[in-house]
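One structure is given below, encoded as structure tokens.
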Amino acid sequence: EVQVTGRYEEAHGVYRMTVDSQGGLTVNYRFTVDLAVNPRQTGIVFALPGTFDTLAWERKSQWTAYPADHIGRPRGVARALPDDDRRETDARIEPTWPWSLDRLALGTNDFCATRTNILWASLKDRDENGLLVRSDGKQSARCWLQADVVRLLVAGFSTGGADMFFSSHLAKERKPLKNGDIVEDE
């Protein structure tokens, strides 16, 4: 077991990482809030090389049927960027591809979407090296590109989004944190 104590502007606490005999890693964290915040998500972010650009997942979905390219589908695979030479989306030009595959700075919409209630999520490179996250359906996963790194957030708390249009609709889901509150997950 490795224990790391840390401090951010918003909180201080500890990460505990336990490696089992098969090479599995269990991560627990417990942080005390030092600065009041109203987060969209709380969790732990893993930084992987930029070559880890393929996200796969299975989750407990809200509905029983989704279109094949819907970002809310219960299982799927999403690449960080399309294989073609498509440029970032231009609002003046009608795209010839689905919205889920729009190429954005952080990755495609499909790659960056939050997957709620995950049973598992993996982030791999083209040689199948990667990271596998197992969950009981209580956590969410979200990926994004940042320079030469791919970030994978495993969130113990996640709301429906940060879009201003939905802010009043999502207000009941929010969990503002005040000084002294505890944020933890395993």
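Worth a mention:
- Among residues of the range 129-144 that are over 16 Å from F157 (Cβ atoms), those with a Cβ under 7 angstrom from a residue that is among the aliphatic types (A, V, I, L, M) and assigned to a loop (DSSP other than H, G, I, E, B), sequence gap 6+ or separate chain, pair up as W144/L106.
- Scan of the range 31-66 for residues that are open to solvent by less than 70 Å² (accessible area, probe 1.4 Å), polar (S, T, N, Q) and either in a loop (DSSP other than H, G, I, E, B) or in contact with a His (Cβ under 7 Å, 6 or more places away or on another chain) (or both), ordered by number: T32, S61
- Some residue of the range 127-139 being modelled with pLDDT of 95 or more, of a type in the set (S, T, N, Q) and open to solvent by less than 30 Å² (accessible area, probe 1.4 Å): yes
- Set D69, D83: member being free of Cβ contacts under 8 Å to residues at least 24 places away in the same chain, part of a loop (DSSP other than H, G, I, E, B) and open to solvent by 50 Å² or more (accessible area, probe 1.4 Å): D83
- Residue among T26, T5 that is among the β-branched types (V, I, T), open to solvent by 30 Å² or more (accessible area, probe 1.4 Å), in contact (Cβ under 8 Å) with a residue 40 or more places away in the chain and at negative phi: T26
- Taking the range 1-48 as the range and being more than 16 Å from I182 (Cβ to Cβ) and hydroxyl-bearing (S, T, Y) as the test, the residues that pass are T18, S21, T26.
- Within the range 97-126, the set of residues being open to solvent by 50 Å² or more (accessible area, probe 1.4 Å), out of contact with any Leu (no Cβ under 7 Å at 6 or more places or on another chain) and among the basic types (K, R) comprises K124, R126.
- Given (1) surrounded by fewer than 11 Cβ atoms within 10 Å (Cβ to Cβ); (2) under 28 Å from G6 (Cα atoms); (3) touching a strand residue (DSSP E or B) at 6+ places or on another chain (Cβ under 8 Å), number of the condition A147 does not satisfy: (3)
The values are calculated or read from the model by the stated rules, or taken from the named source; none is laboratory data. Model, not experiment: these values are computed from the prediction. Because the Cβ atoms are built from the backbone with ideal geometry, glycine has one as well, and the counts that use them run over all protein chains shown. Protein only, heavy atoms only, side chains kept; ligands, DNA and RNA dropped before computing areas. Shrake-Rupley method; radii C 1.70, N 1.55, O 1.52, S 1.80 Å.
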